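The values are calculated or read from the model by the stated rules, or taken from the named source; none is laboratory data. What you see is a predicted model, and the numbers here were worked out from it, not measured in a lab. Because the Cβ atoms are built from the backbone with ideal geometry, glycine has one as well, and the counts that use them run over all protein chains shown. Remember, those area values only see protein heavy atoms, side chains included, never the ligands or the DNA or RNA. Shrake-Rupley method; radii C 1.70, N 1.55, O 1.52, S 1.80 Å.
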Amino acid sequence: MTSHALTTARLPLAIACLIALLAPAVHAQDPAPQGVRIGLTYSSGTRPGLYILPMQGPDADSIKAIISRDLDYGDRITVIAPDSGQPTVGTLNYPLFARLGAAAILQVTPSAGGTLRLVLHEVAAARVLQSADLPLRGAPLSPEWRMSLHGIADEIERWVTGARGVSATRILFTREGTLWQVDADGANAQRVPGVVSGLDPAWHPSGQQMAYMEMLDDGTHVVLRDIESGRSRRVSSTGGTNMSPAFSPDGKTMVYASGEDGVDLFALPVEGSDRRIRITVGGSTNAQPSFSPDGRRIAFTSFRLGRPEIYITDADGTNAELLTTSGFGDQLYRSDPSWSPDGRFVAFSTQIEGRFQIATISLRDRSVKQHTIDAVNEDPSWAPDARHLVFTSSRSGSKQLWVLDTESGRMRQLTRGPAARMAAWSPRLVITR
Amino acid sequence: MNYPTRLLAPLALAVAFVAACGSPPPPPPPPAPVINQDSIDAAARARAAAAERARADSVARAEAARRAAEERARAEAAERERAAIAAARAAFATVIYFDLDKSDLKPEARTILMAKLPLLRANMNVRIRIAGHTDDRGSDAYNVALGQRRAAAAKRFLVDQGIAADRIDVVSFGEDRPVAMGSGEENWSKNRRDEFEIIVGGENLRLP
């Protein structure tokens, strides 16, 4: 695969333009400054080989292990990282690295001051493609330090592929009735402090706030929480059921489902007023909103046909239409919509042979792709790269979170221990340039 | 020892006979008793007091017995009422069950709901909470909405029977509070339910 990447390393300009057109329009990912080329030229769908040179210096082994794993989990790069060896000095023998399957070479030099000197070589062009000195933050191996290193790994992924990685992210989830979080690489799984009951969390697009459902004896409530300070307030004002909060992409509006008889979607300004505006009209059960990246439409689950199906409505509640029209699977039950950050897909759970499976539906042609077969899989949430999904799966014997690469089908287990469910993938929490 | 005694007894009789047949001087009248009125009074008082005490004691005993019996009867009645109220509360708490992914009331659920009406009608101050629950087979997150529909279905039925809507709170716990753990229809069917709880006015229930 990597040798294929090398032989097709020179692509016609037309294909490059096509890739540029396919790039997300709304969530534009780090537009490159004029005159600077970002990323190797390689064919879409392949994983260019990246040779990480042996490194020395403070915490070099941890740094190499974390960067290698982040790039591997990104599913866009084939990491070639020999376990040992001396740091290379002098001129690199590019043809030798080409024979090893490397399209690029990464040189990382940790300094005592907590800065990483990074140099990326393009093998085919036999030259340095990018270099930078990027800072690490916090005490070595602390969660903050790891997160800053994830941010650097995401930047390296952007240098190589043109698309920033998603390792500097966290996943919020529910475990034993309360909220937990875990880094995208599975490290630092810990309880969110001071939450009595927490289910079905959602990230504010700033990454600085979250919302979740609190389940008490007198009903369920929606709570908004500042992540840094832990300050929380209940935003739902009525009894009965209040559930499934979601934020608009501009971060100004929260939408959640609420009701006593039926359940409907309501919009509420995140700051200030608690005057809520009804989105869906009563008489059914409308819940689980997920905004399109332009903020103009909302996917949600509704019972209006007598079974749960996924619909799309304008954000003001008009023009609701059934999205999951095609009949497939043995039971008609579709739920848990999550609109991809590039706007092209809605991921959802669909019941097939009595068990939920993860599927995506294209908003262009409504074609449906089923991504899982084994065990019960449900409740997908997109990573900011619009490529990876985190979801709940019972395939390991208990409910745990798994990460799926929707392009290659590769899966990895994210959580271990007591059952984990209801995952929400954060926006990028560190953006290193 | 027996011998002298046998001889003495007839002798004593003889002496007594001779004495009776002679004309002996009348014996002097016994001295008139000195009557101590105080002691008589005291004795009388003591007797009266004792009698009175005895009478009082017996009255008290009878009274105590009567009271105890009454108390017992009252306690038994209260116990019976408590038991009846507890039974009524327990009957009121009878859960109703639903089919998979469904929130419509089955005939047996309607029968159970009808049986809850008299208590609600006899206790106008009572407020209740209906909690909808699901099994863990539907969507984990959307199940909260399904539980809500189940609770709302029971509320709608009671309101249709004339119970004021503002006396009934509805909540949903989705699949998060199962009564039966594990999988299999036997467990799932126990979890697809509405629970009923008296949240106001449960202390002084009047029986229908």
Subject >> Scan of region A:203-216 for residues that are within 11 Å of another protein chain (Cβ to nearest Cβ) and open to solvent by less than 20 Å² (accessible area, probe 1.4 Å), ordered by number >> reply: A:M213, A:M215
**OP:** Only residues that are out of contact with any helix residue (DSSP H, G or I) (no Cβ under 9 Å at 6 or more places or on another chain), crowded, with 19+ Cβ neighbours inside 10 Å and not in a loop (DSSP other than H, G, I, E, B): list them for region A:268-292, please.
**Re:** A:L268, A:P289, A:S290, A:F291
Original post:
In region A:61-107, how many are part of a helix (DSSP H, G or I) and β-branched (V, I, T)?
Top reply: 3
**OP:** Scan region A:364-406 residue by residue and report those that are part of a loop (DSSP other than H, G, I, E, B) and surrounded by fewer than 16 Cβ atoms within 10 Å (Cβ to Cβ).
**Re:** A:R364, A:D365, A:R366, A:S367, A:I373, A:D374, A:A375, A:S396, A:G397, A:S398
**OP:** Select, from A:S237, A:S258, A:S232, A:S244, the only residue that is more than 11 Å from chain B (Cβ to nearest Cβ) and either open to solvent by less than 40 Å² (accessible area, probe 1.4 Å) or modelled with pLDDT of 95 or more (or both).
**Re:** A:S232
Original post:
Of the residues A:V222, A:V196, which single one is hydrophobic (A, V, I, L, M, F, W, C) and at pLDDT 95 or above?
Top reply: A:V222
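Here's the yes/no breakdown for (1) open to solvent by 80 Å² or more (accessible area, probe 1.4 Å); (2) more than 25 Å from the chain's Cα centre (by Cα); (3) at pLDDT below 90:
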site	(1), (2), (3)
A:T41	no, no, yes
A:T46	no, no, yes
A:Y51	no, yes, no
A:Y73	no, no, no
A:T78	no, no, no
A:D83	yes, yes, yes
A:F97	no, yes, no
**OP:** Please enumerate the residues belonging to region A:293-335 that are basic (K, R), buried (at least 17 other Cβ atoms within 10 Å of the Cβ) and away from chain B (no Cβ under 14 Å).
**Re:** A:R297
Subject >> Single condition B:D136 does not satisfy, out of (1) open to solvent by less than 30 Å² (accessible area, probe 1.4 Å); (2) touching a residue at least 24 places away in the same chain (Cβ under 8 Å); (3) within 10 Å of another protein chain (Cβ to nearest Cβ) >> reply: (1)
Original post:
Considering region A:151-166 alone, what residues qualify as being touching a Lys or Arg at 6+ places or on another chain (Cβ under 9 Å), open to solvent by less than 10 Å² (accessible area, probe 1.4 Å) and of a type outside the set (A, V, I, L, M)?
Top reply: A:G151, A:D154, A:E155, A:E157, A:R164, A:G165
Original post:
Does B:R129 fit the bill of being in contact (Cβ under 8 Å) with a residue 60 or more places away in the chain and within 8 Å of another protein chain (Cβ to nearest Cβ)?
Top reply: yes
Subject >> Neighbours by Cβ (under 7 Å, 6+ apart or cross-chain): first from region A:92-118, within 16 Å of A:V79 (Cα to Cα) and touching a residue at least 40 places away in the same chain (Cβ under 8 Å); second aromatic (F, W, Y) and assigned to a loop (DSSP other than H, G, I, E, B) >> reply: A:A103/A:Y42
**OP:** Tell me which residues, restricted to region A:407-425, are in contact with a Lys or Arg (Cβ under 6 Å, 6 or more places away or on another chain), open to solvent by less than 40 Å² (accessible area, probe 1.4 Å) and not in a strand (DSSP E or B).
**Re:** A:A420
Original post:
Among (1) over 20 Å from B:R192 (Cα atoms); (2) of a type in the set (A, V, I, L, M); (3) surrounded by 11 or more Cβ atoms within 10 Å (Cβ to Cβ), which single condition is B:A91 missing?
Top reply: (1)
Subject >> For B:K102: the one exception among (1) crowded, with 22+ Cβ neighbours inside 10 Å; (2) modelled with pLDDT under 95 >> reply: (1)
Subject >> In region A:192-202, residue surrounded by the fewest Cβ atoms within 10 Å (Cβ to Cβ) [restricted to those that are within 14 Å of chain B (Cβ to nearest Cβ) and assigned to a loop (DSSP other than H, G, I, E, B)] >> reply: A:V196
**OP:** Kindly check whether there is at least one residue in region B:197-206 that is of a type outside the set (G, A, S), under 30 Å from A:S394 (Cα atoms) and within 14 Å of chain A (Cβ to nearest Cβ).
**Re:** no
**OP:** Go through region B:150-184 and count every residue that is in a strand (DSSP E or B) and aliphatic (A, V, I, L, M).
**Re:** 3
**OP:** Show the residue pairs that are 6+ apart or on different chains and have beta-carbon atoms under 6 Å apart, the first residue being within region B:144-171 and more than 10 Å from chain A (Cβ to nearest Cβ) and among the small types (G, A, S), the second being open to solvent by less than 10 Å² (accessible area, probe 1.4 Å) and not in a helix (DSSP H, G or I).
**Re:** B:A154/B:I130; B:A154/B:D194
Original post:
Any residue in region B:98-115 that is at positive phi, of a type outside the set (F, W, Y) and outside any helix (DSSP H, G or I)?
Top reply: yes
